[in-house]
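Encoded as structure tokens, the structure appears first; notes follow it.
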Amino acid sequence: MSLRLGDTAPNFQASTTIGDIDFYNYLGNSWGILFSHPADYTPVCTTELGRTALLQEEFAKRNTKVLALSVDPLDKHLGWINDINETQNCSVGFPIIADDDRKVSLQYDFIHPKASATATVRSLVIIGPDKTVKLIITYPASTGRNFAEVLRVLDSLQLTANYSVATPANWKEGEDVIVVPSISTEDAQKKFPKGLKVVKPYLRYTPQPNK
Ligand code: BEZ
């Protein structure tokens, strides 16, 4: 099944390294990040899961729960976590889903048969508290993802959800943001008391509202 932005994220029950979960119950009212990796005991995946573990506080600050997934079985995940913790100086606390029957991978379109008939690609889905899909990125097996970019997108998505602003190219935390087109300039002047810079009627900047 293909998954697109705005779709409802499919719910599922799964066996994970922290026990059996129901995805929706596990997320509760949090944001969610579900990401797939090709296989356990592989080098790039080891660094990705280590980096995610080291950023656990950053995800918690953003009210976001992270789950990893591959089609390897639970005993393999559990053994591999020891290696991740040892080599990446971390403590993996987030669940890794054992999707041996590929049920979740198929629901989330994590298997791209022309890349690999069996292994999952490096996909990452951000899910909002409303359980809709907000972001999908897919990388090839040979390229590790940039988790600083994942946090940056999460910040952007949360600014849009909470303040009706968008973020420009290469935006970084603390820089000016863009007023979404659906808000009139007159309303924007009231809504953004920190100031409004109107470059064009459709290009209006304001300081980051939550700073
Ligand atoms: C890795 O995680 O290192 C990897 C996995 C599959 C193919 C290539 C690299």
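The values are calculated or read from the model by the stated rules, or taken from the named source; none is laboratory data. All of these numbers come straight from a predicted model, not from anything done at the bench. Neighbour counts are summed over all protein chains in view; Cβ atoms, including those assigned to glycine, are modelled from backbone coordinates with ideal geometry. Surface accessibility is based on the protein's heavy atoms, side chains included, excluding ligands, DNA and RNA. Shrake-Rupley method; radii C 1.70, N 1.55, O 1.52, S 1.80 Å.
Observations on the model:
- Filtering region 6-51 to residues that are part of a strand (DSSP E or B), away from the ligand (no atom under 16 Å from the Cβ) and open to solvent by less than 10 Å² (accessible area, probe 1.4 Å) leaves Thr16, Gly32, Ile33, Leu34.
- Flag if Asn170 is open to solvent by 70 Å² or more (accessible area, probe 1.4 Å) and within 16 Å of the ligand (Cβ to nearest atom): no
- Whichever residue in region 88-110 is assigned to a helix (DSSP H, G or I) and of a type outside the set (A, V, I, L, M, F, W, C) and, among such residues, is most open to solvent (accessible area, probe 1.4 Å): Lys103
- When restricted to residues that are open to solvent by less than 10 Å² (accessible area, probe 1.4 Å), in contact with a helix residue (DSSP H, G or I) (Cβ under 7 Å, 6 or more places away or on another chain) and either within 16 Å of the ligand (Cβ to nearest atom) or of a type in the set (D, E, K, R) (or both), region 116-146 contains 2.
- Looking across region 52-73, the residues that are in a helix (DSSP H, G or I) and crowded, with 18+ Cβ neighbours inside 10 Å come down to Thr52, Ala53, Phe59.
- So Pro113, is it within 16 Å of the ligand (Cβ to nearest atom), open to solvent by 70 Å² or more (accessible area, probe 1.4 Å) and more than 13 Å from the chain's Cα centre (by Cα): yes
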